[in-house]
Amino acid sequence: MNSFKIWFVRSMRALILLILPFLAALIIQGAPRAYLLIRHGSADILSDYEADILKMFYIGLRFDLRTATYAYAFFLVLAAVLALRGGSFKIFQRAYPYIAAFSTLVFILSSVLTVFYFNTFNRPVDVFIFGLIDDDTMAILKTVWFEYPVVRIILAAAISAWGFYKLYKFWRDKIIASAFKAPSLPSAIIGTALLAGLILSGSRGSMGLFPLRQNNAQVSELTLLNSLTPNSFMAFDWALKHYKSYKKNLGLAEDWGDMDEILEEFFGEAKPSALSIFSFATRTIPPAAQEKPPHVVFLIMESMGTHLLNFDRVDRDLFGELRKHWEEDYLFRRFTAEGSGTLDSFTRLFLHSPSDSISQSPLQTFDFTSNMLKPYLNSGYKAVFVTSGSGSWRNLNNFLPKQGVSEFVEQNALQRLFPEAKTTAWGIADEYMFKYIENRLREAEKNGERLLVLALSTTFHPPYEYPKDFVPPAINMSEAEFKRLANLAASKKGIINVFNTLRYVNNALGTFLTNIKGGSLRGHTVVAVTGDHNIRGVGYPDPAEAVLSWAVPFYLYIPDEYREYAYFDPLTAASHKDIWATLYNITLKDTEYYSLGCDLLAEDKDKPFCFGYFPGTVFDSSGTYAYKSGEFREWTGETTLSAAMEMTDAEHKRFKRYQLFEKLLSWQLYKQINQ
């Protein structure tokens with residue numbers, strides 16, 4: 001009996017020793033919530049959400065209790081085992097300051113990750129973090145090195161760890177010097193049982209039937225509060241589970257038993273459960289396009305988001321040579337990307353695929369019905385892919401040739417043609433990509449080829465490097481603007497550099513368009529331009545600005561001879577899925593195509609897919625419909641929204657139909673793979 005009491009006293013000493021780093025872990029994990037709330041929130045936005053703010057901190061604390069309990073319950077169990085013998089317990093006591101300081105350092109680094117990830121992506125850690133593995137790892141590490149104060153973070157973390165080591169050493173010496181009276185046996189047994197119960201409850205974050213889960217992080221209709229609720233450990237755990245599931249299942253649901261009903265409800269009539277329901281035929285095209293089919297150039301521009309372009313003004317030119325083209329050609333303003341990352345958007349654009357794993361999976365050689373190149377390949381076009389970045393990025397150099405791309409040109413080939421091009425973290429300057437495309441089009445003219453050029457730019461990406469011989473005009477920013485964009489870079493100079501890089505890319509694109517429209521290619525070259533996603537690092541806590549977080553432009557140059565049957569409305573609600581359907585219908589004669597998109601230049605746009613889409617949100621001419629919250633908001637401007645409103649019966653009916661689109665999108669990919 002005496003040995004049990006001795007063991008219990010030693011275990012209680014270990015428990016008291018671990019209480020201090022446990023409390024430190026709670027404070028360290030909670031601090032980013034307060035900091036980010038102050039930084040990203042405002043009195044106007046948060047004024048009606050006081051109760052939700054308290055709930056965010058309360059649920060967040062429970063998440064922090066889970067992670068801290070997991071960490072220190074392990075050390076407590078280890079100490080309890082070592083407490084069986086006096087000598088081994090002394091080893092634990094000597095090691096305690098080092099163990100506690102190291103674990104505290106891990107919590108500090110996790111909080112640093114919370115802050116910088118949120119400042120960059122405006123959300124907690126998610127599956128996008130695995131881009132470090134799947135993406136160009138060295139390029140990402142270079143970006144992190146140049147864009148973040150890595151050295152200062154490491155030094156600060158090291159100094160903090162040393163300070164905590166001193167604190168824990170002092171705490172250990174104080175506890176060792178204290179006398180502990182052995183409790184009675186019943187008290188020791190009851191105390192052990194209570195401690196076990198507390199550890200179990202803490203590790204679950206809940207006293208109820210279910211442990212604290214991801215769903216519990218939804219504490220408010222305000223996205224900011226939901227994003228700040230979990231800590232990095234919990235968010236990473238969820239992301240890892242999603243990542244493994246996504247890799248295994250390609251993001252596809254497995255229950256398709258109700259598809260007949262879904263198809264009937266979505267299309268408004270009974271439809272066969274076959275891919276033929278996505279088959280359409282091009283409408284009448286002008287005689288000029290029939291006589292001489294045009295070259296088609298589709299440019300996907302890195303981080304070309306609508307929001308940053310809106311900072312252009314009379315005395316702050318962000319467009320350069322691009323301005324005149326932006327003003328005289330077709331520009332769809334109420335338009336969004338469909339992915340939150342480059343590959344996500346690219347795969348959706350290329351295959352109508354909600355999974356971005358395909359290019360790196362065994363399916364990379366699969367003959368997809370939804371391959372957007374097929375209508376052009378079947379019409380005698382040669383498909384050319386050009387990027388100013390690395391061809392091995394996400395395995396595109398292997399994937400695209402297997403999907404019909406006959407010429408694959410990336411930074412190394414471009415550098416051989418343009419030796420003056422300097423390598424940056426993500427590739428070479430975009431101007432050389434544009435020069436190559438222009439030269440290749442002129443070569444095609446001489447050889448009687450018809451080209452479809454698909455291009456992916458890279459320059460407007462952190463660390464925002466542009467050629468030294470480019471001299472941008474002065475960029476003047478107000479203090480309010482600097483504050484609004486504070487998360488774009490670590491300093492005002494860095495923010496200016498972002499705009500300088502944007503000006504360079506826009507000017508290079510504009511020069512390309514000027515050259516196309518000013519020579520022999522003018523009359524029979526169609527050029528489409530969009531962004532892969534909005535620029536990251538700018539928060540949108542105000543629900544009225546939510547669309548800006550996904551908004552990208554869609555620019556379209558069509559020669560005059562091909563515009564005969566085009567009906568243009570700049571505020572047509574649309575997204576990436578609609579680009580190819582629009583291109584097919586102005587360039588191809590009597591051609592069948594696969595699509596979940598809308599012909600944006602058709603006179604009659606009352607088609608099944610004529611709405612804009614971003615995962616979790618659909619929008620049309622009336623406003624936006626959010627899947628999760630069920631909110632409807634009307635348009636108050638090109639990309640601004642009203643407060644949440646009650647839906648009319650017609651709007652509610654449309655919303656119910658729109659909610660089916662995501663399942664329809666996954667089902668059609670599943671159907672292709674498994675038919």
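The values are calculated or read from the model by the stated rules, or taken from the named source; none is laboratory data. Note that this is a predicted model, so its numbers are computed, not measured. FYI the Cβ positions are ideal-geometry reconstructions off the backbone, even for glycines, and counts take in every protein chain you see.
Numbers for the structure displayed
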| read-out | value |
| --- | --- |
| Condition met for Q668 (in contact with a Ser or Thr (Cβ under 8 Å, 6 or more places away or on another chain) and closer than 22 Å to T369 by Cα) | yes |
| Residue in segment 345-378 that is farthest from L665 (Cα to Cα), counting only those that are touching a His at 6+ places or on another chain (Cβ under 8 Å) and in a helix (DSSP H, G or I) | S345 |
| Residue among C598, C610 that is touching a Phe, Trp or Tyr at 6+ places or on another chain (Cβ under 7 Å), assigned by TED's automatic domain parsing to the domain that holds F280 and not acidic (D, E) | C598 |
| Residues (of a type in the set (A, V, I, L, M) and either modelled with pLDDT under 90 or on the phi > 0 side of the Ramachandran plot (or both)) located in segment 341-394 | L363 |
| Cβ pairs under 6 Å, 6+ apart, first in segment 434-459 and closer than 16 Å to G531 by Cβ and among the hydroxyl-bearing types (S, T, Y), second modelled with pLDDT of 95 or more and not in a loop (DSSP other than H, G, I, E, B) | S457/M301; S457/D430; T459/D430; T459/V505 |
| Test result for F74, assigned by TED's automatic domain parsing to the domain that holds M12, of a type in the set (F, W, Y) and touching a Lys or Arg at 6+ places or on another chain (Cβ under 7 Å) | no |
| Set L456, L452: member being buried (at least 22 other Cβ atoms within 10 Å of the Cβ) and within 30 Å of P287 (Cβ to Cβ) | L452 |
| Condition check for A83: without any contact (Cβ under 8 Å) to a residue 24 or more places away in the chain, assigned by TED's automatic domain parsing to the domain that holds V151 and more than 18 Å from Y168 (Cβ to Cβ) | no |
| Flag for Y432 being farther than 17 Å from T347 by Cβ and either touching a strand residue (DSSP E or B) at 6+ places or on another chain (Cβ under 7 Å) or part of a loop (DSSP other than H, G, I, E, B) (or both) | no |
| Meets criteria (in contact with a strand residue (DSSP E or B) (Cβ under 9 Å, 6 or more places away or on another chain) and part of a helix (DSSP H, G or I)) for F460 | no |
| Some residue of segment 95-107 being under 30 Å from S357 (Cβ atoms), touching a Leu at 6+ places or on another chain (Cβ under 9 Å) and surrounded by 18 or more Cβ atoms within 10 Å (Cβ to Cβ) | no |
| Only listed residue being touching a residue at least 60 places away in the same chain (Cβ under 8 Å) and of a type in the set (S, T, N, Q), chosen from S629, S622 | S629 |
| Residue tally, condition of a type in the set (A, V, I, L, M), part of a helix (DSSP H, G or I) and under 13 Å from F614 (Cβ atoms), over segment 529-555 | 3 |
| Unique residue being touching a helix residue (DSSP H, G or I) at 6+ places or on another chain (Cβ under 6 Å), of a type in the set (A, V, I, L, M, F, W, C) and over 20 Å from G305 (Cα atoms) when the list is V471, V453 | V453 |
| Top-ranked residue in segment 500-529 [being under 22 Å from R450 (Cβ atoms) and β-branched (V, I, T); ranked as surrounded by the fewest Cβ atoms within 10 Å (Cβ to Cβ)] | V526 |
| Number of the condition not met by N122 [criteria: (1) closer than 28 Å to P230 by Cβ; (2) crowded, with 19+ Cβ neighbours inside 10 Å; (3) in contact with a helix residue (DSSP H, G or I) (Cβ under 6 Å, 6 or more places away or on another chain); (4) of a type outside the set (V, I, T)] | (3) |
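Results for (1) of a type in the set (G, A, S); (2) without any contact (Cβ under 8 Å) to a residue 40 or more places away in the chain; (3) within 16 Å of L105 (Cβ to Cβ); (4) in a helix (DSSP H, G or I), shown as yes or no for each residue.
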position	(1), (2), (3), (4)
A139	yes, no, no, yes
T143	no, no, no, yes
F146	no, no, no, yes
V151	no, yes, no, yes
A157	yes, no, yes, yes
G163	yes, yes, yes, yes
K169	no, no, yes, yes
R172	no, no, no, yes
